[in-house]
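Chemist: Below is one structure. I have some questions about it.
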Amino acid sequence: MAFGFWQSTLGKKIVMGVTGLIMIGYLCAHLLGNMKIFFGPGEFNAYGHWLRVMGAPVLHHEWGLWIARIVLLAAVILHAVSAYQLSRRDIKARPQKYVHTKPRMSYATRTMRWGGVILGLFIVWHILDLTTGTTHSGGFQEGHPYQNVVDTFSTWYGNVIYIVAMLAMGMHVRHGFWSAAQTLGAGNHTRDRALKAIANALAIVLTAGFISIPVGVMTGVVS
Amino acid sequence: MTSYSEYTEYTVGEPIQDEQAPSGPVNERWDTRRFEAKLVNPANRRKHTIIVVGTGLAGGAAGATLAEQGYHVVQFCYQDSPRRAHSIAAQGGINAAKNYRNDGDSIHRLFYDTVKGGDFRARESNVHRLAQISVEIIDQCVAQGVPFAREYGGLLDTRSFGGVQVSRTFYARGQTGQQLLLGAYQALSRQIAAGNVEMHARTEMLDLIVVDGRARGIVARDLVTGRISTYFADAVVLASGGYGNVFYLSTNAMNSNATAIWRAHRRGAYFANPCFTQIHPTCIPRSGDHQSKLTLMSESLRNDGRIWVPKAKGDTRPPAEIPEDERDYYLERIYPSFGNLVPRDIASRAAKNVCDEGRGVGPGGQGVYLDFADAIARMGRKAVEEKYGNLFDMYERITAENPYEVPMRIYPAIHYTMGGLWVDYDLQTTVPGLFAIGEANFSDHGANRLGASALMQGLADGYFVLPSTINDYLARNPHKDEVDASHPAAVEAVRETEDRLTRLLAVDGDRTPDSFHREIGELVWEFCGMARTDEGLRKALDRLPQIREEFWRRIKVPGTGEEFNQSLEKANRIVDYLELAELMCLDALHRAESCGGHFREESQTPDGEAARRDEEFSYAAAWEFTDTGAAPVLHKEQLTFDYVHPTQRSYA
Amino acid sequence: MKLTLRVWRQKNPDTPGAMATYELDGVSQDMSFLEMLDVLNEELIVKGEEPVAFDHDCREGICGACSLVINGDAHGPERTTTCQLHMRSFRDGDTIDIEPWRASAFPVIKDLVVDRSAFDRVIQAGGFITAPTGSAPEAHATPVPKADADYAFEHAECIGCGACVAACPNGAAMLFTSAKVNHLNVLPQGSPERETRVLDMVAQMDAEGFGGCTLAGECATACPKGIPLFSITAMNKEWLRASRKVKR
């Protein structure tokens, strides 16, 4: 059964839909936390510390964080593997392209496929930059996320990478949320306007929210 | 070789009788026949192979049902999928004597209407059986998931149709044929998946193989590879449709053809009543010489539209500029009580007459107006839109004229052929083991078919009649020896087929297949179309052999026979149209009466209506083939009417 | 009208094809697109060249045989079948590109003709109601709510032309498959096989090598019969429901 489910294009799509929704949920939480940056280093760093003690005393130090990380990692991997396999299948299904091409034909596919690749690369960079500090520009200070964020967005490339990735994220969420609703069978004529509105709202709020941080740093609101 | 003018000759052979219909009361005959028919042991059915040619309503239904019964079915269609047979294009609906409306309908009334509608040229036994079975067809189709129109209570909706006074037509919007065909196709698909039907799509039957007087197989060409193969069976069923495409312009599909039935005719199956062709009055007229086919508009339009032409000849003013007193609402004038709702044949002929007078409208003067201005003024545009919106859209798509503002232009077109292979009550032709069902046979509609009866007959034959009667043949004729491709009859049939195709490719002339097809079509439309005369038919019979001679001198077929070659397919079908057209004209010439779709100008009542001549022509004409261009033999099947007594139709 | 046609010519499945250019004069606005190709073919035959092969039959928009991609659009610029497209949708002097359906599940047979038997096999996998002839109960035994009957009809209108596959950037057959699943699954007569039908048809669809759905919506835009995109959503729901319910 489970094997058959995974073998089916519909099964893989459902996996993508569910993992996508998990990641959208995470993005919403992540954005809410990030907004603390506008209330100064104290608030933000305290939030960073709370993430490590979340769930205490039931959960040991950083356990909550690791559970979240594992769930997210699993979601990313399942999402990416499904996407990769489905894309390969899709490309194989149309081996010969049309001579007369129409740009609109592939808008959604391009958004999801290339947008997904951009986001995947961004996540790697983002973790190396602000979680492990491996590629961080200034001196990475463990336990001082506020300063680290300010450092990152003090470089031009940090801003460019981040903003481009967030725009890709917005497009991806916009089609992805609506798509997931269809894949999970939640769409219909009457509900469609609402679903599209939610998708648009999610995309705009998440994109604008995340981009507000580098903009804040650049304009000196956050320093 | 026989000289061409002698083709108007024919000899009269022995009369022919249907031996299979039991005697006794008409309403008990089908039960009696089913009881008397021998059965094949279910365990033995697997050993019997049945070939079915065609996958329309009749063929699809027959293939699925025979396979369900346990027979091994080998089925063919020229289309790329069995789902595309031209039954799919039927719009209106399917009749059934369910009497859900409680409006006085009954099996007997449907039987009566069909015999009368057929102008007393159909067999009573067959028509009564058709009416009986009509009831079961609806049940069967509903069980298959055919989405018939329903009322708010969830029960089936019906509507009334031309020529009858009860509401017995079941429908699925304007796509009844499509939905019924998909039902049969799905049933067939289930049997293909189960391995009971071996389906050959894109494969066309080109000849019949007759061994020791019995149909034992066919020669078929794979249209993709061009390979010619033989297939063998214990019985062969032809469900290949009608021959309306002999007229070139018709409402048939482009590739619908007469080759299967004509080749069977050449191998010994009698061809009955070829001149009984039906012309539908409301088709969209041709727009120029490039026209490749005609599209039918539902007859229901005549309920609210008014038909007219200008009073003056050659009046080319736009319709809106022609004042009311210069218009001739000719149907309302000639037939004051029925007006625009006269039967199909009468409406068609009246349109032809006004166009022949030079009062036709549109390009080439081959059209009359069907005007909804009064209906829109009376009912409001919205009501007209609700009732006919989809038809108006279709009209506008094809003609780019808005029928809400400009009157529609319509003209009659060939649409159905009542004639076909002669069959007995068991649907068996004169070649033992060869059966013909659906439009391919001649059995149920006489000289004229009523609306919504073609679907009924196709499904009755396919689902219910043939699967009961074919058992009897198989049980009584257990095959003695296997036949294979090395049998002299098979070798001969293959050789003839190959020779014909090779010859077509070898001529390398200067005329395309379509140019010949168009020429034949125009000729038979002129002389064997809506109105026929002795003189005209003789002209056509004179001209057809000349065209045939020219065809074999000037035809050009590019490419080879060993590949996908649509020109070769066409040219090969034209070979058969040429011969069929001759028989059709000869049949029309010999039948010096008017009846149903066959109108002989010499046989009219004083007020210009069709005059039947029952004393001389109350028979079905079954023609036996002798040779190409040679006089055929006429076998008459006398028709007797014990239940519905012949009367002259009157609509004035 | 004078037109320049660029047509895909391919001798057979094994020979690579290419676009060929033809000039065609004397085209009337009233011709259907296929009648325009008839004119081209008549000219080619007389010149001793091979005519362009294309599938067509009823020429009234219902059989689903015709299958041309015209200037990148399945069935051309109007929402109809190729046979119901008329030359008045084009202008004098236009260049028109004509290509076959492109999908690995629809291999080219010749020129513009493709093999769509994959669709038949999807139907064979479960696109039917098991109701052997003679076994049917009285038609009025099971009333069907009008809304359900209309919903079934809306999906049953599919003509199996394959425009959805041709238009889909992934060559997916979701709309075709979902149309049949929804037609039959909503009816009480179809409900005993509701789960196996959707599971088997989707499995066959995958096995035929059609792509997956990215909900680009091109299929529903190209569909000459207006099968809605939500047809796919409804099938997804049926599939999810069936895969939870049926243990295989």
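Chemist: With respect to residue B:385, is the statement that it is closer than 22 Å to residue B:161 by Cα, in contact with a Gly (Cβ under 6 Å, 6 or more places away or on another chain) and surrounded by 15 or more Cβ atoms within 10 Å (Cβ to Cβ) true?
Modeler: Numbers: closer than 22 Å to residue B:161 by Cα: yes; in contact with a Gly (Cβ under 6 Å, 6 or more places away or on another chain): no; surrounded by 15 or more Cβ atoms within 10 Å (Cβ to Cβ): yes.
No; evaluated as a whole, the condition is false for this residue.
Chemist: Considering segment B:90-126 alone, what residues qualify as being of a type in the set (Gly, Ala, Ser) and either part of a loop (DSSP other than H, G, I, E, B) or at pLDDT 95 or above (or both)? So that I can check it myself, show each step before the final result.
Modeler: Here is the first cut: in segment B:90-126, the ones of a type in the set (Gly, Ala, Ser) are B:90, B:92-93, B:96-97, B:104, B:106, B:117-118, B:122, B:125.
Listed by number, the residues that qualify are B:90, B:92, B:93, B:96, B:97, B:104, B:106, B:118, B:122, B:125.
Chemist: Can you confirm whether segment A:64-72 contains a residue that is within 21 Å of residue A:162 (Cα to Cα) and touching a residue at least 60 places away in the same chain (Cβ under 8 Å)?
Modeler: No, segment A:64-72 has no match at all.
Chemist: Hey, another quick one. Sort out which residues of segment B:321-331 are of a type in the set (D, E, K, R) and crowded, with 16+ Cβ neighbours inside 10 Å, and write them in order of number.
Modeler: Correct list: B:327, B:328.
Chemist: Quick check on segment B:143-161. Is at least one of its residues of a type in the set (D, E, K, R), over 20 Å from the mean Cα position of the chain (by Cα), assigned to a helix (DSSP H, G or I) and at the interface with chain C (Cβ under 9 Å from one of its Cβ atoms)?
Modeler: no
Chemist: On the basis of being modelled with pLDDT under 95, within 26 Å of residue C:103 (Cβ to Cβ), surrounded by 24 or more Cβ atoms within 10 Å (Cβ to Cβ) and within 14 Å of chain A (Cβ to nearest Cβ), does residue C:177 make the cut? Step through it out loud before you land on a result.
Modeler: Details: modelled with pLDDT under 95: no; within 26 Å of residue C:103 (Cβ to Cβ): yes; surrounded by 24 or more Cβ atoms within 10 Å (Cβ to Cβ): yes; within 14 Å of chain A (Cβ to nearest Cβ): yes.
Taking the combined requirement at face value, the residue does not satisfy it.
Chemist: Okay, moving on. What is the number of the single condition among (1) under 30 Å from residue B:643 (Cα atoms); (2) within 14 Å of chain C (Cβ to nearest Cβ) that residue B:127 does not meet?
Modeler: Unmet for residue B:127, out of (1) under 30 Å from residue B:643 (Cα atoms); (2) within 14 Å of chain C (Cβ to nearest Cβ): (2).
Here is a yes/no grid of residues against (1) modelled with pLDDT under 95; (2) surrounded by fewer than 17 Cβ atoms within 10 Å (Cβ to Cβ):
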residue	(1), (2)
A:7	yes, yes
A:10	no, no
A:20	no, no
A:53	yes, yes
A:59	yes, yes
A:74	no, yes
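Chemist: I've got another one for you. For residue C:19, work out the one condition from (1) out of contact with any Gly (no Cβ under 8 Å at 6 or more places or on another chain); (2) away from chain A (no Cβ under 14 Å); (3) more than 30 Å from residue B:554 (Cα to Cα); (4) surrounded by fewer than 16 Cβ atoms within 10 Å (Cβ to Cβ) it doesn't fulfil.
Modeler: (2)
Chemist: For segment C:132-171, give me each residue that is hydroxyl-bearing (Ser, Thr, Tyr), more than 16 Å from residue B:181 (Cα to Cα) and either without any contact (Cβ under 8 Å) to a residue 24 or more places away in the chain or at the interface with chain B (Cβ under 7 Å from one of its Cβ atoms) (or both). Spell out the reasoning first.
Modeler: So the first thing to find is which residues in segment C:132-171 are hydroxyl-bearing (Ser, Thr, Tyr), and the list is C:133, C:135, C:142, C:151.
With more than 16 Å from residue B:181 (Cα to Cα) added as a condition, the list becomes C:135, C:142, C:151.
Hit for segment C:132-171 is C:135, nothing else.
Chemist: Shifting gears a bit: If you check B:573, B:538, B:612, which single one turns out to be touching a Ser or Thr at 6+ places or on another chain (Cβ under 7 Å), charged (D, E, K, R) and part of a loop (DSSP other than H, G, I, E, B)? Walk me through how you get there before you give the answer.
Modeler: On the way: B:573 fails: part of a loop (DSSP other than H, G, I, E, B); B:538 fails: part of a loop (DSSP other than H, G, I, E, B).
After applying the criteria, what remains is B:612.
Chemist: Name the one entry in C:61, C:76 that is in a loop (DSSP other than H, G, I, E, B) and within 11 Å of chain B (Cβ to nearest Cβ). Give the steps one after another, and end with the answer.
Modeler: Details: C:76 fails: within 11 Å of chain B (Cβ to nearest Cβ).
One residue alone meets the criteria, C:61.
Chemist: On to the next question. Please pick out the residue among B:314, B:360, B:365 that is in contact with a strand residue (DSSP E or B) (Cβ under 9 Å, 6 or more places away or on another chain) and either modelled with pLDDT of 95 or more or among the small types (Gly, Ala, Ser) (or both). Explain how you work it out, then say what you get.
Modeler: Values: B:314 fails: in contact with a strand residue (DSSP E or B) (Cβ under 9 Å, 6 or more places away or on another chain); B:365 fails: in contact with a strand residue (DSSP E or B) (Cβ under 9 Å, 6 or more places away or on another chain).
Selected residue: B:360, the only one of B:314, B:360, B:365 that is in contact with a strand residue (DSSP E or B) (Cβ under 9 Å, 6 or more places away or on another chain) and either modelled with pLDDT of 95 or more or among the small types (Gly, Ala, Ser) (or both).
Chemist: Please work out which residue is surrounded by the most Cβ atoms within 10 Å (Cβ to Cβ), limiting yourself to segment C:52-82 and to residues that are in contact with a Ser or Thr (Cβ under 6 Å, 6 or more places away or on another chain) and within 20 Å of residue B:79 (Cα to Cα).
Modeler: C:68
Chemist: Looking only at segment B:215-237, decide whether some residue is more than 30 Å from residue C:111 (Cα to Cα), in contact with an Asp or Glu (Cβ under 8 Å, 6 or more places away or on another chain) and part of a loop (DSSP other than H, G, I, E, B). Lay out the reasoning, then the answer.
Modeler: First, pick out the residues of segment B:215-237 that are more than 30 Å from residue C:111 (Cα to Cα): B:215-217, B:232-237.
Subsequent filtering for residues that are in contact with an Asp or Glu (Cβ under 8 Å, 6 or more places away or on another chain) retains B:216, B:232.
Then drop every residue that is not part of a loop (DSSP other than H, G, I, E, B), which leaves none.
Within segment B:215-237, none of the residues are more than 30 Å from residue C:111 (Cα to Cα), in contact with an Asp or Glu (Cβ under 8 Å, 6 or more places away or on another chain) and part of a loop (DSSP other than H, G, I, E, B).
Chemist: Among the candidates C:27, C:39, which residue alone is at the interface with another protein chain (Cβ under 8 Å from one of its Cβ atoms) and either under 26 Å from residue C:171 (Cα atoms) or at pLDDT 95 or above (or both)? Steps first, answer last, please.
Modeler: Details: C:27 fails: at the interface with another protein chain (Cβ under 8 Å from one of its Cβ atoms).
Result of the check over C:27, C:39: C:39.
Chemist: If we only count helices (runs of 4 or more DSSP H) wholly inside segment A:118-223, which ones have 2 or more residues that are within 30 Å of residue C:241 (Cα to Cα) and at pLDDT 95 or above? Show your work before the answer.
Modeler: Working: elements: A:145-152, A:156-183, A:192-219.
By residue number, A:156-183, A:192-219.
Chemist: Among (1) within 17 Å of the chain's Cα centre (by Cα); (2) of a type in the set (S, T, N, Q); (3) more than 21 Å from residue B:245 (Cβ to Cβ), which single condition is residue C:95 missing?
Modeler: Going through the list (1) within 17 Å of the chain's Cα centre (by Cα); (2) of a type in the set (S, T, N, Q); (3) more than 21 Å from residue B:245 (Cβ to Cβ), residue C:95 breaks only (1).
Chemist: Restricting to segment A:93-122, give me the number of residues that are aliphatic (A, V, I, L, M) and facing chain C (nearest Cβ under 7 Å). Before you say what the answer is, go through the steps one by one.
Modeler: From segment A:93-122, those aliphatic (A, V, I, L, M) are A:93, A:99, A:105, A:108, A:112, A:117-119, A:121; that's our starting set.
Next cut, facing chain C (nearest Cβ under 7 Å) only: A:93, A:99, A:105, A:108, A:112.
Of the residues in that region, 5 qualify.
Chemist: With the requirement that a residue be surrounded by 24 or more Cβ atoms within 10 Å (Cβ to Cβ) and modelled with pLDDT of 95 or more, what does segment B:144-167 give you? So that I can check it myself, show each step before the final result.
Modeler: Initially, segment B:144-167 is screened for residues surrounded by 24 or more Cβ atoms within 10 Å (Cβ to Cβ), giving B:144-148, B:158.
Within segment B:144-167, B:144, B:145, B:146, B:147, B:148 qualify.
Chemist: For the condition closer than 18 Å to residue B:258 by Cβ and either surrounded by 18 or more Cβ atoms within 10 Å (Cβ to Cβ) or more than 21 Å from the chain's Cα centre (by Cα) (or both), what is the one hit in B:548, B:553, B:543?
Modeler: Values: B:553 fails: closer than 18 Å to residue B:258 by Cβ; B:543 fails: closer than 18 Å to residue B:258 by Cβ.
Sole residue among the options that is closer than 18 Å to residue B:258 by Cβ and either surrounded by 18 or more Cβ atoms within 10 Å (Cβ to Cβ) or more than 21 Å from the chain's Cα centre (by Cα) (or both): B:548.
Chemist: Tell me which of these residue B:403 doesn't satisfy, since it passes every other one: (1) surrounded by 22 or more Cβ atoms within 10 Å (Cβ to Cβ); (2) outside any loop (DSSP other than H, G, I, E, B).
Modeler: (2)
Chemist: Which one of these does residue C:67 not meet: (1) in contact with a helix residue (DSSP H, G or I) (Cβ under 6 Å, 6 or more places away or on another chain); (2) in contact (Cβ under 8 Å) with a residue 60 or more places away in the chain?
Modeler: (1)
Here is a yes/no grid of residues against (1) touching a strand residue (DSSP E or B) at 6+ places or on another chain (Cβ under 7 Å); (2) under 23 Å from residue A:12 (Cβ atoms):
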{"site": "C:167", "(1), (2)": "yes, yes"}
{"site": "C:189", "(1), (2)": "no, no"}
{"site": "C:192", "(1), (2)": "no, no"}
{"site": "C:201", "(1), (2)": "no, yes"}
{"site": "C:209", "(1), (2)": "no, yes"}
{"site": "C:214", "(1), (2)": "no, yes"}
{"site": "C:222", "(1), (2)": "yes, no"}
{"site": "C:228", "(1), (2)": "no, no"}
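Chemist: Do you know which of the residues in segment C:180-223 that are among the β-branched types (Val, Ile, Thr) and assigned to a helix (DSSP H, G or I) is nearest to the other protein chains (Cβ to nearest Cβ)? Before you say what the answer is, go through the steps one by one.
Modeler: Taking segment C:180-223 first, the residues among the β-branched types (Val, Ile, Thr) are C:181, C:186, C:196, C:198, C:202, C:214, C:221.
After this cut, where a residue has to be assigned to a helix (DSSP H, G or I) as well, the list is C:181, C:196, C:198, C:202, C:221.
Numbers: C:181: 11, C:196: 12, C:198: 9, C:202: 6, C:221: 9 Å.
This residue is C:202.
Chemist: Here's a follow-up. Check off (1) without any contact (Cβ under 8 Å) to a residue 12 or more places away in the chain; (2) part of a helix (DSSP H, G or I); (3) within 14 Å of another protein chain (Cβ to nearest Cβ) for residue B:567 and give me the number that stays unchecked.
Modeler: Every listed condition holds for residue B:567 apart from (1).
Chemist: Every residue in segment C:109-146 that is in a helix (DSSP H, G or I) and within 30 Å of residue A:98 (Cβ to Cβ), please.
Modeler: First, pick out the residues of segment C:109-146 that are in a helix (DSSP H, G or I): C:117-124, C:139-141, C:146.
C:117, C:118, C:119, C:120, C:121, C:122, C:123, C:124, listed by residue number.
Chemist: I've got another one for you. Since residue C:69 meets every condition but one in (1) touching a Phe, Trp or Tyr at 6+ places or on another chain (Cβ under 8 Å); (2) more than 9 Å from chain B (Cβ to nearest Cβ); (3) closer than 22 Å to residue B:87 by Cα, which condition does it not meet?
Modeler: Unmet condition: (3).
The values are calculated or read from the model by the stated rules, or taken from the named source; none is laboratory data. As the structure is a computational prediction, the values presented were derived from the model and not from experiment. Please note: Cβ atoms are built from the backbone with ideal geometry, for glycine as well, and neighbour counts cover all protein chains shown.
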